[in-house]
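Visitor: My questions will all concern the structure given below.
The values are calculated or read from the model by the stated rules, or taken from the named source; none is laboratory data. Predicted model only: the values in this text are computed from it and were never measured. As a convention, Cβ positions derive from the backbone with ideal geometry for all residues, glycine included, and neighbour counts pool all protein chains shown. Areas reflect the complete protein model, heavy atoms only, side chains present, ligands, DNA and RNA absent. Shrake-Rupley method; radii C 1.70, N 1.55, O 1.52, S 1.80 Å.
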Amino acid sequence: MLRIDIISVLPKLIESPFNGSIIKRAIEKKIVEIHFHDLKDYASNKRKQVDDYQFGGGPGMVMMIEPINKCIDSLKKNRDYREIIYMTPDAEILNQKIANKLSIEGNLIILCGHYKGVDQRVRDKLITMEISIGDYVLSGGELPAAVLCDSIIRLIPGVLGNETSALSDSFQDGMIAPPVYTRPANFGNMNVPEVLLSGNKAKIENWREEKALERTKKIRPNFFN
Ligand code: SAH
């Protein structure tokens, strides 16, 4: 079973994406286990302080190293972790390849930043991997952590009902997926492509490949570089 520990100052912020749909099912099937940790529980002073002003001055609070260190330490005492990940905009951007890799390797710790981010020494000494979800800045790492977890969990064998379903998604084979249709076959003057109704498996497969190629060339021409 894959275990993911998420460390945050606002764990309430990310619990809901784990309470429905595919992720919930994966948790119920005991394929994955998610644990949330409130950094404030690891604060060393009575005020439960987890952030402080930055040295050198300037706006924005910085998350302190001590509570983070204490939390990670207590987790590592109990089991091995493959990666200790910090969600941060100034890192390699998440893609399907990274999600695939993380879905098979082992337990993960994910640290969510807030405010100005974490003390650099956390990144230098405690973190083994950094991931961004795109070139824009959010207020906290909670949504990025939920995005990362979803991308990983749906790839674990047994999570998706139809085992082949993740394989035919975009990016999995370096291509954008072909368009999909369902009933009704005619809606106003918009008809579903004839070939999809033909029942001819080989023809349908060819059509899908053609469309995937067409769409990839248009939407992600860089995939062919
Ligand atoms: N001062 C930082 C931004 C901090 S944003 C900078 O200029 O780079 C606060 C927190 O939100 C970060 O610590 C990180 O955990 C999270 N975050 C914001 N945008 C993100 C993104 N695109 N990907 C991953 N995490 C992000």
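Visitor: Can you tell me which of Gly140, Gly158 is in contact with a Gly (Cβ under 9 Å, 6 or more places away or on another chain), open to solvent by less than 80 Å² (accessible area, probe 1.4 Å) and either within 14 Å of the ligand (Cβ to nearest atom) or not acidic (Asp, Glu) (or both)?
Guide: Gly140
Visitor: Can you tell me which residues in the range 104-119 are part of a loop (DSSP other than H, G, I, E, B) and either at positive phi or near the ligand (Cβ under 6 Å from one of its atoms) (or both)?
Guide: Of everything in the range 104-119, those that are part of a loop (DSSP other than H, G, I, E, B) and either at positive phi or near the ligand (Cβ under 6 Å from one of its atoms) (or both) turn out to be Gly106, Gly113, Tyr115, Lys116, Gly117.
Visitor: Would you be able to tell me the number of residues in the range 178-200 that are closer than 21 Å to Ala166 by Cβ and either free of Cβ contacts under 8 Å to residues at least 12 places away in the same chain or of a type in the set (S, T, N, Q) (or both)?
Guide: Of the residues in the range 178-200, 2 are closer than 21 Å to Ala166 by Cβ and either free of Cβ contacts under 8 Å to residues at least 12 places away in the same chain or of a type in the set (S, T, N, Q) (or both).
Visitor: Is it true that some residue in the range 168-175 is farther than 30 Å from Gly20 by Cβ and either among the hydroxyl-bearing types (Ser, Thr, Tyr) or not in a loop (DSSP other than H, G, I, E, B) (or both)?
Guide: no
Visitor: Can you find, within the range 7-21, the residue that is most open to solvent (accessible area, probe 1.4 Å) among those that are in contact with an Asp or Glu (Cβ under 8 Å, 6 or more places away or on another chain) and among the aliphatic types (A, V, I, L, M)?
Guide: Leu13
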